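**Student:** One structure is given below, represented as structure tokens, and several questions about it will come after.
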Amino acid sequence: MLTRYIAPRPNLEDAAPSCAYGAALLPFEREAKNELGRFFLAAKELHAKENKLAFMPVCFIDTVWHRTLADRTTFDAWTINLVDEKVEHVPNPGEGVLSWVPTYERLFGPLPQIWFANPQGIVDHLAYDRYRRTGNIYASWQCAVGHMNVG
């Protein structure tokens, strides 16, 4: 079953930089930016503790990441403030089980439904239900997080 995602109103103090082109993507863009920040934090810890890359599944949050990269100066400032270093977008296509999910869950709890929204914002409820039952996500990706130390 697929439906357009309607997020609860998030209460965020400091979201990621605005997307380029001057317009919001969808009503839940702010939540996607919050989740993007959480992904970067989980990716940093996964790399530090297990020396693994965090692959970004093809999803709406990935779309937000790509759009925020259009303003690289603002994006870099945000990621330095968030994870104490620049976050690099590294092309790296593939598929498999997302190894960063247990780290994310330890830090923030279960993944919200927005992680299961495709690039157009349509949630795959079957995939979300499968994740809730198994705790695993098998997905395809086009990119990963790369970190560049600052200072």
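**Student:** Any residue at all in the stretch 121-136 that's closer than 16 Å to residue 36 by Cα and at pLDDT 95 or above?
**Tutor:** no
**Student:** Suppose we filter the stretch 91-107 for residues that are under 18 Å from residue 62 (Cβ atoms), under 15 Å from the mean Cα position of the chain (by Cα) and hydrophobic (A, V, I, L, M, F, W, C); how many remain?
**Tutor:** 3
**Student:** If a residue has to be outside any helix (DSSP H, G or I) and either at pLDDT below 95 or surrounded by fewer than 16 Cβ atoms within 10 Å (Cβ to Cβ) (or both) to count, how many in the stretch 44-54 make the cut? Lay out the reasoning, then the answer.
**Tutor:** Kept after step one, since they are outside any helix (DSSP H, G or I), are these residues of the stretch 44-54: 51-54.
Next, only the ones that are either at pLDDT below 95 or surrounded by fewer than 16 Cβ atoms within 10 Å (Cβ to Cβ) (or both) stay: 51-53.
Of the residues in the stretch 44-54, 3 are outside any helix (DSSP H, G or I) and either at pLDDT below 95 or surrounded by fewer than 16 Cβ atoms within 10 Å (Cβ to Cβ) (or both).
**Student:** From 67, 106, grab the single residue that is farther than 24 Å from residue 136 by Cα, outside any loop (DSSP other than H, G, I, E, B), without any contact (Cβ under 8 Å) to a residue 60 or more places away in the chain and of a type outside the set (Val, Ile, Thr). Step through it out loud before you land on a result.
**Tutor:** Working: 106 fails: farther than 24 Å from residue 136 by Cα.
Step by step, each of 67, 106 is checked, and only 67 is farther than 24 Å from residue 136 by Cα, outside any loop (DSSP other than H, G, I, E, B), without any contact (Cβ under 8 Å) to a residue 60 or more places away in the chain and of a type outside the set (Val, Ile, Thr).
**Student:** Further, regarding this structure: Within the stretch 83-90, can one find any residue that is exposed (fewer than 13 other Cβ atoms within 10 Å of the Cβ), over 12 Å from the mean Cα position of the chain (by Cα) and not in a loop (DSSP other than H, G, I, E, B)? Full working, then the answer.
**Tutor:** Here is the first cut: in the stretch 83-90, the residues exposed (fewer than 13 other Cβ atoms within 10 Å of the Cβ) are 84.
So of that shortlist, the ones also over 12 Å from the mean Cα position of the chain (by Cα) come out as 84.
In the following step, the residues that additionally are not in a loop (DSSP other than H, G, I, E, B) were identified as none.
Among the residues of the stretch 83-90, not one is exposed (fewer than 13 other Cβ atoms within 10 Å of the Cβ), over 12 Å from the mean Cα position of the chain (by Cα) and not in a loop (DSSP other than H, G, I, E, B), which makes the answer no.
Residues are listed down the side, and each one gets a yes or a no for (1) outside any helix (DSSP H, G or I); (2) touching a Cys at 6+ places or on another chain (Cβ under 7 Å); (3) surrounded by 13 or more Cβ atoms within 10 Å (Cβ to Cβ); (4) modelled with pLDDT under 95:
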position	(1), (2), (3), (4)
3	yes, no, no, yes
9	yes, no, no, yes
12	yes, no, no, yes
15	yes, no, yes, yes
26	yes, no, yes, yes
35	no, no, yes, no
38	no, no, yes, no
42	no, no, yes, no
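**Student:** Taking the stretch 109-141 only, how many residues are crowded, with 17+ Cβ neighbours inside 10 Å, part of a strand (DSSP E or B) and either of a type in the set (Gly, Ala, Ser) or in contact with a Pro (Cβ under 8 Å, 6 or more places away or on another chain) (or both)?
**Tutor:** Summing the residues that are crowded, with 17+ Cβ neighbours inside 10 Å, part of a strand (DSSP E or B) and either of a type in the set (Gly, Ala, Ser) or in contact with a Pro (Cβ under 8 Å, 6 or more places away or on another chain) (or both) in the stretch 109-141 gives 3.
The values are calculated or read from the model by the stated rules, or taken from the named source; none is laboratory data. Note that the coordinates shown come from a computational prediction; the quantities given were computed from them, not determined experimentally. We place every Cβ from the backbone using ideal geometry, glycine too, and count neighbours over all the protein chains shown.
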